[in-house]
Amino acid sequence: MSTTYISPLVPLGVQAAFAARSDPAITPTPKILQEFELKDRVGLVTGANRGLGLEMALALLEAGARVVYCVDLPEEPGDEWQAVRAYVERMGAGRLGYVSQNVANQKAMWDLGQMIGDKEGRFDVGIAAAGIAKVMDALDYPKEEFEQVLEVNTGGALFTAQAVGRQMARFGTPGSIILIASGSPTVAYGSSKSAVLQMARSMACELGPKHIRVNTVSPGYFHSPMTIPLLDSPAALAHCNSLIPLGRVATPSEIRGVVTWLASDASTYCTGSDIIVSGGLHAW
C-alpha cells in the first residue's frame with residue numbers, strides 16, 4: 001500500500017481533498033472560499049489614509065481580519081478614512097486603526113511593528129503601499145528630489161517589510177508581505193519601484209525558510225490621488241484609456257482581489273512573484 005506524504009504546511013483544503021479521495025465515507029465539502037478568509041489576522045498597510053492603500057485595508061477587513069493598522073503621514077486621518085471606518089463599524093468587520101508615521105524612518109517603523117505585535121499577539125499581513133511621485137525631466141531631475149523619492153518608495157518599503165517581518169519571525173507563524181511596485185517612464189519613480197521588485201525577490205529567498213512570503217503587486221493606471229496630475233483633463237484621460245487594452249483606467253476597488261489573495265492561504269505557494277494589474281498595459 002502506497003502512502004502519500006502531506007506537509008503540515010499544505011493548505012487544509014488540499015489535505016481534505018486527499019483524505020476524501022482515500023476514504024469514501026468522507027463527504028467532500030468546498031474549501032476554496034475558506035482559504036481566502038483572513039479570520040482573526042492582524043495587518044498593517046502603509047499609505048492607507050486614502051486611495052489604493054485604504055482600499056486594500058478595507059479588503060483585508062472584509063475578508064475577516066481582526067484589525068488593520070493604516071499608516072500615513074498626516075497627524076489625523078482624513079474624511080475618506082473616517083468614512084471607511086464608519087462603514088467598517090456598521091459592517092462589524094473588525095477594527096480599522098490609524099497611526100501617523102513616516103515610513104522612511106526605520107527605527108520608528110520597527111517600533112511600530114513591535115507595538116502592534118505586543119498589543120495583538122500576532123502579525124500576519126504587511127502591505128507597503130506608501131509612495132510619492134514627482135514627474136520631472138530626466139536630464140534636469142534634482143538630486144534632492146530624486147533621493148526623496150527613493151527614500152520613501154524604496155526605503156519605506158524596506159522598513160515596512162522589516163517592521164512586519166520581524167514580528168512574523170518573532171511569533172514563528174507564516175506571514176505575507178506585499179510590496180506595491182509598478183512600472184513608470186519617469187526616472188525617479190521608475191527607479192524606486194524597480195528596486196522594490198528586486199527587493200521583494202531577494203527577501204522572498206531569504207525569508208522563505210521562515211515561512212514568510214514576499215510578493216509585489218504592480219498596478220497600472222488607477223484612479224487615485226497620485227494619478228490626479230496625469231488624469232486631470234478629458235484629453236489626458238482619453239490618452240491613458242487609449243493605451244490600455246481594456247480601454248479604461250482602473251477603479252481602486254479592482255486592486256482588492258489580488259491583494260486579498262496574496263494575504264490569504266489561497267496563495268501559500270506564491271512568493272517572489274510580481275502580480276501585474278494593468279488592464280493589459282504591460283502586454284504591448
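Quick rundown of the values:
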read-out: Within the chain, helix-based [θ] at 222 nm, where runs of 4 or more DSSP H residues each add -39,500 (n - 2.57), nearest 500; value: -13000 deg cm²/dmol
read-out: Long-range HN-HN contacts of GLN101 with modeled amide H, under 5 Å; value: ASP72, LEU73
read-out: Residues with amide H under 5 Å from that of GLY78, placed H, sequence gap 5 or more; value: none
read-out: Derived scalar couplings ³J(HN,Hα) [segment 268-284; Karplus, 6.51 cos²θ - 1.76 cosθ + 1.60; whole Hz; x for Gly, Pro]; value: 5, 10, 10, 8, x, 9, 10, 9, 8, 10, 10, x, x, 4, 6, 7, 5
read-out: Nonlocal Lys pairs with alpha-carbon distance under 24 Å, the chain (8 or more apart, or different chains); value: 10
read-out: Angle between the chain longest axis and helix 51-62 axis [Cα atoms, degrees, rounded to 10]; value: 20
read-out: Segment 79-161: relative contact order as a whole-number percent, Cα under 8 Å and 6+ apart; value: 36
read-out: In nm, spacing of pseudo-spin labels at TYR87 and LYS210 (7 Å Cα→C-beta vector); value: 3.4
read-out: Percent antiparallel among DSSP beta bridges (both partners in the chain, rounded to 5); value: 0
read-out: Residue-span extension gain [ARG95 to LYS31] - 0.36 nm each, minus C-alpha spacing; value: 20.4 nm
read-out: Under 5 Å, built H, 5+ apart or other chain: amide partners of THR216; value: LEU179, SER273, ASP274, ILE275
read-out: Highest-first arrangement of 68-75, 263-270, where packing means the average Cβ count within 10 Å; value: 68-75, 263-270
read-out: Choice from MET136, MET226, MET109 with maximal GNM fluctuation in the chain (Cα, 10 Å cutoff); value: MET136
read-out: Acute angle (nearest 10 degrees) that the helix 156-171 long axis makes with the longest principal axis of the chain, alpha-carbon atoms; value: 20
read-out: Which of THR216, THR154, THR29 has the fewest Cβ neighbours within 10 Å, and the rest in rising order; value: THR29, THR154, THR216
read-out: Tilt relative to the chain, helix 12-22 - C-alpha long axis, 0 to 90 degrees, to 10; value: 30
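Only the coordinates and a few stated rules stand behind these numbers; no lab work does. In this text the structure is predicted, and so the values were computed from the model without any measurement. Cβ coordinates were reconstructed from backbone atoms using ideal geometry, including for glycine residues, and neighbour counts include every protein chain displayed.
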